[in-house]
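Step one of this worksheet: look at the structure below.
The values are calculated or read from the model by the stated rules, or taken from the named source; none is laboratory data. These numbers come from a predicted model, not from an experiment. Note: ideal-geometry Cβ built from the backbone for every residue, glycine included; neighbour counts use all protein chains shown. When the accessible area is computed, the model is the full protein with side chains, heavy atoms only, and any ligands, DNA or RNA have been set aside. Shrake-Rupley method; radii C 1.70, N 1.55, O 1.52, S 1.80 Å.
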Amino acid sequence: FKGGDTCEYLLSSGRFLGEKVWQPHSCMMHKYKNSEAKNCLIDKHIVFIGDSRIRQLFYSFIKLINPQVKEEGNKHGNIPFEDKSASIKVDFLWYPEVNGSMRQCIKSWTEGSVAKPHIIIAGAATWSIKIHNGSNEALTQYKINITSIAPLLEKLAKSSDVYWVLQDPVYEDMLSESRKMITNEKIDAYNEAAVRILNSSSRNSKAKVKVFSVSKLIAQETIMKSADGLHLPESSRDTNAMILMNVYCNKIMKPIDGSCCQPQPPLTLIQKLAFCFFTLSIIGYLIINLIHRNNFRKNKSCTDLESGEEKKPAINTPYVSTLEMLLHSFCKLGLIMTYFYLCDRANLFMKENKFYTHSSFFIPIIYILVLGVFYTENTKETKVLNREQTDEWKGWMQLVILIYHISGASTFLPVYMHIRVLVAAYLFQTGYGHFSYFWIKGDFGVYRVCQVLFRLNFLVVVLCIVMDRPYQFYYFVPLVTVWFMIIYATLAIWPQIVQKKANGNCLWHFGLLLKLICLLTCIYFLSYSQGAFEKIFSFWPLSKCFELNGNVYEWWFRWKLDRYVVFHGMLFAFIYLALQKHQMISEGKGDPLFSNRVSNVLLFISIVSFLTYSIWASSCKNKTECNELHPSVSVVQILAFVLIRNIPGYVRSVYSSFFAWFGKISLELFICQYHIWLAADTKGILVLIPGYPMFNVLVSTFIFVCVAHEISQITNDLAQIVVPKDNSTLLKRLLCIAGFFSGLLLFSAMQDQSKH
């Protein structure tokens, strides 16, 4: 990576992804909507000055503000445009040659009496070639004229954004007879002259006329589609206009997926404190390590000469090892968080836009499925949804979701709908797993709750601090956290009904079903009462956790999208455990779950249901309508999969250790991808090795998986220290955690106040 300003790359280099998607070198381009363009350019005056090619660029630019604009009016004259709602004024000034007239026009803006435009886009040359029949004298005169204009442009560049558009190549075979003298050789000569003069003029000046040369690269790929061999096709002009919009607006609007021309965000107070904490942890760990090594040298086991026995030094190991483990974990975490920050907050590594093709999604899917089948092993137990099987399920789902994200497959609706089922399946497992634990164990203690909450939220809380992102940004963790608390509250509230109690009296089963019906009623009410839902989560300090962009709508949308599936998971667990208790299912190794006849019928229904859902999802035409149906129907494919996976005895008795390994770190993989595999908060792709897409993906994936595995180990180690089993110690730790979050809220409030 050469370093430097990403604006220069945006204006000078890039490549096409497919036919129409332009990818600037090293950074991401945002696609501006009309409302965003108006907000950026409010009260601005923009001037396009030049020939017919600049006029085309002018029209493409104003269509970003108002798509209804028609390309009409005097082609060889000035064209005004004004958007009164945003007080935006855009003018095209017809000056087809770089001559005295153009110089006079530019000079008038440098004089105090005339208001200067905020943005000036200029360029011309083809008319000079055409009128003078491509003579060398015309090129000489062009150099003289642009030399006289350059100081004026430099003067304007001190207070305005000034762009000089280089001439695009032509498609010589399509040029009319009157334009045959406009050759690419002549155009290159004029461009070289303009670049040399403008660069030499600004060599010792801070203000600089920006050379818009990227249009040449775009034209080289698309000029063959030109109607006359001279003017660019509409899609290419629109790309050039979007580049101009990114150059000017990204630093103002700061879009997440527009990394070009964006400065590195300043460190917040909380980020600075986090940096100090991790630095002190690293120093502390190194000091303790050094002390231990010195003690080891001094207290090496030695032999007592009189007794011949070995003397061992007495060291208070438990306390030292706990402190050392704590510092060691924070030391590793600090180094990992530095990598996170460098990848997605510092302008050190490149970022690129996603571009979806069917092959970029389906080929990796086939590859990992083959790998998963290759690593098949026998399970330790053959129960329905045993630990190895659920880890395997989480693992392959997570890998598919990762491929979905990096390939940009959300633009393809059938894939999107199937991925929605995978997210729902994860929540189904949440309902199934936590219900099963509380029902069988009857353990509603604080220790269990704190362990689960810590393991779910530790990484996200650290990332919120280091990456300066709200908690709701990592939407999946708030989702599983809230659902865990709902499951806990449902079962822990009086009367506490667990399996042991229900076995003594069957009426308790009806009591539990009544609880589940109450839960379903509450879910139904909240899903159709957005106001009530938003009021609940708008209370401080809950609002600090669930707000995104100043409101809780995103949280309501995410919760509503999979609102019934956790309930379905709980209900499935209840029915399965009841059947298991009454010995109505057979879970022996190699045995079908039910009798052969029932198993075959259920298997047939499951396969038909699974395929029916896939056909429906693949025929979806409207994302909004399909999302409305998804909460009610997603359970069909989930249950179908569970039955297909568990009814045949052989299938239930094996699992993929490859997928199960990834399943054990699935949560870390899902969260880490935001910043060290994808980029710009999942909107783009991290580029560690430019120019080699496949090699880059291999390297970044290897680091990403290693980091996720390491964070999983750190979380497990810290969970044992931060959440001890002893109740009195746990209470003290909880008070410390409460103090930590109170301090975090205080510093967050101070940050918000300083911004305002």
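Data for the structure
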quantity	calculated
Index of the failed condition, residue 56 passing every other in (1) over 27 Å from residue 218 (Cβ atoms); (2) among the polar types (S, T, N, Q); (3) in contact (Cβ under 8 Å) with a residue 60 or more places away in the chain	(1)
Residues of the range 545-593 classified as closer than 20 Å to residue 510 by Cα and β-branched (Val, Ile, Thr), total	2
Of all residues making up the range 709-756, the number that are open to solvent by 80 Å² or more (accessible area, probe 1.4 Å) and hydroxyl-bearing (Ser, Thr, Tyr)	1
Residue list for the range 604-636, filter: in a helix (DSSP H, G or I), small (Gly, Ala, Ser) and open to solvent by 20 Å² or more (accessible area, probe 1.4 Å)	609, 614, 618, 632
Complete set of residues in the range 130-144 that are of a type in the set (A, V, I, L, M, F, W, C) and free of Cβ contacts under 8 Å to residues at least 40 places away in the same chain	131, 138, 144
Search result, residues across the range 535-557 that are buried (at least 16 other Cβ atoms within 10 Å of the Cβ) and part of a loop (DSSP other than H, G, I, E, B)	547, 552
Tally of residues being of a type outside the set (Ser, Thr, Tyr), over 11 Å from residue 623 (Cα atoms) and part of a helix (DSSP H, G or I) across the range 404-419	6
Lone qualifier among 407, 359 - being out of contact with any Lys or Arg (no Cβ under 8 Å at 6 or more places or on another chain) and either more than 30 Å from residue 268 (Cβ to Cβ) or of a type in the set (Lys, Arg) (or both)	359
Those residues of the range 581-598 which are closer than 12 Å to residue 646 by Cβ and among the polar types (S, T, N, Q), in sequence order	586
Tally, over the range 573-590, of residues that are of a type outside the set (S, T, N, Q) and open to solvent by less than 70 Å² (accessible area, probe 1.4 Å)	10
Residue list for the range 503-531, filter: surrounded by 12 or more Cβ atoms within 10 Å (Cβ to Cβ) and touching a Lys or Arg at 6+ places or on another chain (Cβ under 9 Å)	508, 523, 524, 526, 527, 530
Where a residue in the range 405-418 is open to solvent by 40 Å² or more (accessible area, probe 1.4 Å) and its partner, wherever it lies, is among the polar types (S, T, N, Q), with Cβ under 8 Å and at least six apart	405/673; 405/682; 418/614
Which listed residue is touching a residue at least 12 places away in the same chain (Cβ under 8 Å), more than 30 Å from residue 673 (Cβ to Cβ) and assigned to a helix (DSSP H, G or I), from 531, 569, 511	511
Boolean, residue 467 is open to solvent by less than 30 Å² (accessible area, probe 1.4 Å) and either in contact with a Ser or Thr (Cβ under 7 Å, 6 or more places away or on another chain) or of a type outside the set (Ser, Thr, Tyr) (or both)	yes
Lone unmet requirement of (1) charged (D, E, K, R); (2) outside any loop (DSSP other than H, G, I, E, B); (3) farther than 29 Å from residue 167 by Cβ for residue 257	(2)
Conditions (1) in contact with a strand residue (DSSP E or B) (Cβ under 7 Å, 6 or more places away or on another chain); (2) modelled with pLDDT of 95 or more; number of the one not met by residue 462	(1)
Unmet criterion (only one of (1) under 28 Å from residue 208 (Cα atoms); (2) free of Cβ contacts under 8 Å to residues at least 12 places away in the same chain) for residue 84	(1)
Any chance residue 87 is closer than 18 Å to residue 58 by Cα, surrounded by fewer than 15 Cβ atoms within 10 Å (Cβ to Cβ) and not charged (D, E, K, R)	yes
Hits in the range 28-43 (condition: assigned to a helix (DSSP H, G or I) and open to solvent by 30 Å² or more (accessible area, probe 1.4 Å))	34, 35, 36, 38, 39
Residues of the range 573-590 satisfying the condition of being within 23 Å of residue 433 (Cα to Cα) and in a loop (DSSP other than H, G, I, E, B)	582, 583, 584, 585, 586, 587, 588, 589
Failed criterion for residue 116 (all others in (1) crowded, with 16+ Cβ neighbours inside 10 Å; (2) not in a loop (DSSP other than H, G, I, E, B) hold)	(2)
Lone qualifier among 55, 15 - being part of a strand (DSSP E or B) and among the basic types (Lys, Arg)	15
Selected residue [modelled with pLDDT under 95 and not in a loop (DSSP other than H, G, I, E, B)] from 392, 388, 324	324
Check on residue 377, farther than 29 Å from residue 414 by Cβ, touching a Ser or Thr at 6+ places or on another chain (Cβ under 7 Å) and loosely packed, with under 15 Cβ neighbours inside 10 Å	yes
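Yes or no, residue by residue, for (1) touching a His at 6+ places or on another chain (Cβ under 8 Å); (2) open to solvent by 70 Å² or more (accessible area, probe 1.4 Å); (3) more than 21 Å from residue 222 (Cβ to Cβ):
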{"residue": "8", "(1), (2), (3)": "no, yes, yes"}
{"residue": "26", "(1), (2), (3)": "no, no, yes"}
{"residue": "45", "(1), (2), (3)": "yes, no, yes"}
{"residue": "66", "(1), (2), (3)": "no, no, yes"}
{"residue": "69", "(1), (2), (3)": "no, no, yes"}
{"residue": "83", "(1), (2), (3)": "no, no, yes"}
{"residue": "93", "(1), (2), (3)": "no, no, yes"}
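To keep it simple, each residue is scored yes or no on (1) modelled with pLDDT under 90; (2) closer than 22 Å to residue 341 by Cα; (3) not β-branched (Val, Ile, Thr).
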residue: 705; (1), (2), (3): no, yes, no
residue: 712; (1), (2), (3): no, yes, yes
residue: 729; (1), (2), (3): no, no, no
residue: 738; (1), (2), (3): no, no, yes
residue: 748; (1), (2), (3): yes, yes, yes
residue: 751; (1), (2), (3): yes, yes, yes
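Per-residue answers, yes or no, for (1) touching a residue at least 24 places away in the same chain (Cβ under 8 Å); (2) assigned to a helix (DSSP H, G or I); (3) surrounded by 14 or more Cβ atoms within 10 Å (Cβ to Cβ):
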{"site": "592", "(1), (2), (3)": "yes, no, yes"}
{"site": "597", "(1), (2), (3)": "no, yes, no"}
{"site": "638", "(1), (2), (3)": "yes, yes, yes"}
{"site": "642", "(1), (2), (3)": "yes, yes, yes"}
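Table: residues versus (1) modelled with pLDDT under 95; (2) more than 28 Å from residue 195 (Cα to Cα); (3) hydrophobic (A, V, I, L, M, F, W, C); (4) over 35 Å from the mean Cα position of the chain (by Cα).
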| residue | (1), (2), (3), (4) |
| --- | --- |
| 58 | no, no, yes, no |
| 69 | yes, yes, yes, no |
| 72 | yes, yes, no, yes |
| 95 | no, no, no, yes |
| 122 | no, no, yes, yes |
